[in-house]
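Novice: For reference, the structure I am asking about is given below.
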Amino acid sequence: MDKKIEGNIEKFIWTENYCTGIEVIDNQHQELFRKFDKCSLAIYKGEGKSILREIISFIDIYVNDHFDDEERLMTINKYPDYYKHIEFHKNFRGIFNSFKKDFEQRGGDAYLALQLEKEIRNWWKNHILTIDMLYVPYIKIKSSGKSQVE
Ligand SMILES: [Fe+2]
């Protein structure tokens with residue numbers, strides 16, 4: 001049985017602050033929020049190990065799809081800081097890969113569950129609020145959803 005993490009669970013709630021106004025991106029970010037929120041709740045209830053496995057598989061696929069869509073959008077719209085931005089994505093892949101390695105080696109434990117909240121989840125929070133917001137003014141068509149990144 002996984003060790004239950006005591007204390008208050010911090011809800012990971014989508015607010016207008018995270019809104020880029022780009023439908024496809026906002027939908028993807030919201031999906032991630034829902035997943036993290038489900039994950040926090042499961043960890044709190046002592047189901048950390050199985051939920052960690054689930055979220056790792058989810059992020060594995062999510063990161064490829066989401067980063068690809070974002071990078072395509074920046075390219076199409078000739079975002080001047082494209083290369084700076086993809087460095088942040090690369091940086092996340094590094095953080096996530098070492099998290100994954102720890103999980104494979106040690107299995108899920110309370111420490112790793114906390115790390116998910118502090119490192120992985122907070123990375124997204126900061127990235128969306130500070131880095132993603134920088135490309136927003138450069139994206140010309142914001143509400144046509146998927147068509148702009150296909
Ligand atoms: Fe990004």
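Each reported figure results from applying straightforward, stated rules to the coordinates on display, with no laboratory input. None of the values given here were measured: they were computed from a predicted structure. Cβ sites come from the backbone with ideal geometry, for glycine too, and all protein chains shown count toward neighbours.
Novice: Measuring from label point to label point, each 7 Å out along Cα→Cβ, what is the LYS140 to LYS84 span in nm?
Specialist: 2.3
Novice: List the trypsin sites (Lys or Arg not before Pro) within segment 61-148 that DSSP assigns to loop and that have no more than 11 neighbouring Cβ atoms inside 10 Å. Walk me through the intermediate numbers first.
Specialist: Details: sites: ARG72, LYS78, LYS84, LYS90, ARG93, LYS100, LYS101, ARG106, LYS118, ARG121, LYS125, LYS140, LYS142, LYS146; in loops: LYS78, LYS140, LYS142.
Sparse-neighbourhood loop trypsin sites (Lys or Arg not before Pro): LYS78, LYS140.
Novice: Something else about it: Provide CYS19, CYS39 in ascending order of the number of other Cβ atoms located within 10 Å of each residue's Cβ, fewest first.
Specialist: CYS19, CYS39
Novice: Can you sort LEU114, LEU52 by how many other beta carbons sit within 10 Å, fewest first?
Specialist: LEU114, LEU52
Novice: Can you give the alpha-carbon Rg of segment 8-82 over 2.2 N^0.38 Å, where N counts its residues?
Specialist: Taking N as the residue count of segment 8-82, the ratio is 1.30.
Novice: Using only alpha carbon pairs under 8 Å that are at least six residues apart, calculate the relative contact order of segment 21-142 and give it in whole percent. Write out the running numbers ahead of the final one.
Specialist: Numbers: 59 pairs, mean separation 48.8, N = 122.
RCO, segment 21-142: 40 percent.
Novice: Counting pairwise Cα distances across segment 67-125, what percent come out greater than 16 angstrom?
Specialist: When every Cα pair of segment 67-125 is considered, 53 percent fall beyond 16 Å.
Novice: Compute the FRET efficiency between TRP14 and GLU104 as 1/(1 + (r/R0)^6), taking r as their Cβ-Cβ distance and R0 = 35 Å, and round to the nearest 0.05. Don't skip to the end; give the middle numbers.
Specialist: On the way: r = 31 Å, r/R0 = 0.87.
So the FRET efficiency works out to roughly 0.70.
Novice: Starting from the Cα coordinates of segment 10-150, work out the convex hull volume and express it per residue in Å³.
Specialist: So the per-residue Cα hull volume is 94 Å³.
Novice: Can I ask one more? Would you mind ranking TYR135, TYR83 so that the residue whose beta carbon has the fewest other beta carbons within 10 Å leads the list?
Specialist: Placing the least packed residue first, the sequence is TYR83, TYR135.
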